[in-house]
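Derivation of every value follows stated rules applied to the coordinates shown; laboratory data play no part. This structure is a prediction, so every number in the text was calculated from the model and none was measured. No Cβ is skipped: glycine too gets one built from the backbone with ideal geometry, and neighbour counts run over all protein chains shown.
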Amino acid sequence: DLILGIESSCDDTSVGVVGRDGQVLSNIISSQAELHSVYGGVYPQLASREHLRAVLPTVELAMKAADVSHADLKAIAVTRGPGLIGSLIVGVDTARALARGWGLPIIGVNHLRGHVRSADLEETRVEYPAMILLVSGGHTLLAHMTSPRSIELLGSTRDDSVGEAYDKTARLLGKGYPGGPIVDKMAASGSARFDLPRPMVNNGLDFSFSGLKTAVRMLVERSEQLDQDDVAASFVDAVLDVLTSKVSRALELRKSSSLIVVGGVAASPPLRERMAAVCAEHQVRLCLPPVKWATDNGAMIALAAWDYVDNHVGADLSPKANLGLAAW
Ligand code: ATP
Ligand code: FE
């Protein structure tokens, strides 16, 4: 049994072929990062045009790499939101056309559920009940999950996401997009000697990162002689302190066997290290997707689609720019 998953919610066109237990037969990513790099972020109109150009060839490549034909597929899954509406429409329309042509059912998948399920790609890691830290380009949230049917949101960001804060810090330092890997790399050779704020660190389970971003801007504007690596290291340290303390608090509040850390920022090596330490302290199993599955991919959408099949969730295909984590 295989599902083909199509992801086009942001700036990557990706298609994966995945089995019920998360076996990845193939996953192809057509990245637009270089195209958007000059704008320091994603340019929506350009993104949908590129998806339109890339989506069918990417489907074809993924099927070829998995060595399957449409007769081997059980369904076609596609991200229906959240994301850039123009980009979502390209994916959904393509999936519709393929499903009709091939006589297959179609499943509209919540992208955030895709990120959550990425922790079980290639290998089943998650044990329930599980705490979720989702840190991506558009979201930063904490949730508790007893099963895919039962997800409780515990906290989210009041302003910027962690990924956005990374991207903006990179821009302030005159670097490209996406900023996450760049800032991480700089931080690795710097020292966290600047005192930056840890917004809302002692306060509940919500997040706020715009104040940190402003503090970085003021720091950079104050002096041009600053060692940029030290600025990056100080920024990363502040982010990690906040995430660590929130996760600790959440684990104290809700019984959890696993901690799932997913989303693009989950590719960050220092974040992975700090989360391992938190889990050791709380005796919780750390469930991280391999780095390549942390950022957007079609495989995670296909794996999440199996939850829709198992729970008999009907296909809602309407593209949605905003969609909560608990929504199907
Ligand atoms: P969402 O999933 O919320 O809709 P998105 O799909 O655009 O947003 P992802 O692809 O999950 O976001 O994540 C992209 C973000 O991850 C970017 O902000 C990027 O800077 C960040 N990121 C990627 N790699 C790293 C890294 N090694 N360290 C820190 N951040 C990273
Ligand atoms: Fe994403």
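Mind jotting down the three principal axis lengths of region 189-328 based on Cα atoms? Whole angstrom, largest first.
Extents along the principal axes, in whole Å: 58, 37, 29.
Along region 69-84, what does the Karplus equation 6.51 cos²θ - 1.76 cosθ + 1.60 (θ = phi - 60°) give for ³J(HN,Hα), rounded to whole Hz, x for Gly and Pro?
10, 4, 5, 7, 8, 8, 6, 10, 10, 8, 5, 10, x, x, x, 6
So for each of 136-142, 30-36 I average, over its residues, the number of other beta carbons within 10 Å; can you give me the resulting order with the highest mean first?
Result, highest mean first: 136-142, 30-36.
I'm checking a number: the convex hull volume of the Cα atoms of the chain, normalised per residue, in Å³. What is it? Intermediate values should be presented prior to the final figure.
On the way: hull volume 38.3 nm³, N = 328.
It is 117 Å³ per residue.
For region 67-96 and region 131-178, what is the centre-to-centre distance using only Cα atoms, to the nearest Å?
Value for the Cα centre distance between the two parts: 24 Å.
What distance in nm separates the two pseudo spin-label positions at V291 and A326, each 7 Å out from Cα along the beta-carbon direction?
In this crude label model, V291 to A326 measures out at 3.6 nm.
Using amide H atoms built in the peptide plane, which far-off residues or other-chain residues are under 5 Å from Q23 H to H?
E122
Over what distance in Å are the Cα centres of region 25-57 and region 229-250 separated?
About 30 Å separates the Cα centre of region 25-57 from the one of region 229-250.
Dipole of the chain, Cα-centred, from +1 at each Lys and Arg C-beta and -1 at each Asp and Glu C-beta, to the nearest 20 debye? Can you show the working numbers first?
Numbers: 31 positive and 37 negative charges, 99 e Å.
Rounded to the nearest 20 debye, it is 480 debye.
In nm, what is the difference between 0.36 nm times the number of residues separating A280 and R222 and their Cα-Cα distance?
So the extension gain works out to 16.9 nm.
Near K185, which lysines are there with a Cα under 28 Å away, not counting those fewer than 8 places off in the same chain?
K168, K175, K213, K246, K292
So if each residue of separation counts as 0.36 nm, and I subtract the Cα-Cα distance between R53 and Q23, what length gain in nm does that give? Walk me through the intermediate numbers first.
Details: separation 30, 0.36 × 30 = 10.80 nm, distance 2.80 nm.
Between R53 and Q23, full extension yields 8.0 nm more.
On C-alpha positions alone, give me the angle between the axis of helix 85-102 and the longest principal axis of the chain, in degrees, nearest 10.
Its long axis makes an angle of about 20 degrees.
Provide the convex hull volume over Cα atoms per residue for region 21-114, in Å³. Don't skip to the end; give the middle numbers.
Values: hull volume 10.3 nm³, N = 94.
Measuring per residue, one finds 109 Å³ for the Cα hull of region 21-114.
Could you tell me what a quarter of the Cα convex hull surface of region 271-328 works out to, in nm² with one decimal place? Numbers along the way, then the final one.
On the way: hull surface 23.3 nm².
Its average projected convex-hull area is 5.8 nm².
Cα axis of helix 44-66 to longest principal axis of the chain: angle in degrees, 0 to 90, nearest 10?
60 degrees
Once the Cβ-Cβ distance between T214 and D67 is put in as r, and R0 is 56 Å, what FRET efficiency do you end up with, to the nearest 0.05?
Details: r = 52 Å, r/R0 = 0.92.
Calculated transfer efficiency: 0.60.
Modelling each spin label as a point 7 Å along the Cα-to-Cβ direction, I'd like the R149/L253 distance in nm, to one decimal.
Going from the R149 label point to the L253 one covers 2.5 nm.
In the chain, with Lys and Arg counted as +1 and Asp and Glu as -1 at Cβ, which of these residues, A170, A99, N311, has the Cα nearest the positive end of the dipole, that is, farthest along it?
Towards the positive end, the residue furthest out is N311.
What order do you get for 205-213, 8-16, 86-94 when each peptide is scored by the mean count of other beta carbon atoms within 10 Å, highest first?
On the way: 205-213: 19.4, 8-16: 28.8, 86-94: 22.4.
With the highest mean Cβ count within 10 Å placed first, the list reads 8-16, 86-94, 205-213.
Obtain the nm distance between the two label points defined at R100 and L35 by a simple spin-label model: each point lies 7 Å from its Cα along the Cα-to-C-beta direction.
Distance between label points: 2.5 nm.
How fast does region 151-221 diffuse by Stokes-Einstein, in µm²/s, taking the Kirkwood radius from C-alpha pairs at 4 °C and 1.567 mPa s? Numbers along the way, then the final one.
Numbers: Rh = 13.2 Å.
Rounded to a whole number, D works out at 98 µm²/s.
Taking the radius of gyration and the Kirkwood hydrodynamic radius from Cα positions alone, what is the Rg/Rh ratio for region 92-131, to two decimal places? If you can, show how the numbers build up before the last one.
On the way: Rg = 14.4 Å, Rh = 12.4 Å.
Rg divided by Rh gives 1.16.
Order these peptides, 311-322, 260-271, 145-156, 123-134, by their mean beta-carbon neighbour count within 10 angstrom, highest first.
Numbers: 311-322: 13.7, 260-271: 23.7, 145-156: 15.7, 123-134: 18.8.
Packing proxy ranking, top to bottom: 260-271, 123-134, 145-156, 311-322.
I need the phi-derived Karplus couplings for region 230-242: 6.51 cos²θ - 1.76 cosθ + 1.60, θ = phi - 60°, integer Hz, Gly and Pro marked x.
Once rounded to whole Hz, the list reads 5, 4, 4, 5, 5, 4, 4, 4, 5, 4, 5, 4, 5.
On the principal axes of its Cα set, how long, how wide and how thick is region 88-229? Give whole Å, largest value first.
63, 34, 28
In which sequence would V55, V201, V38 go, from the one with the fewest C-beta neighbours within 10 Å to the one with the most?
On the way: V55 22, V201 16, V38 9.
So the residues, fewest neighbours to most, are V38, V201, V55.
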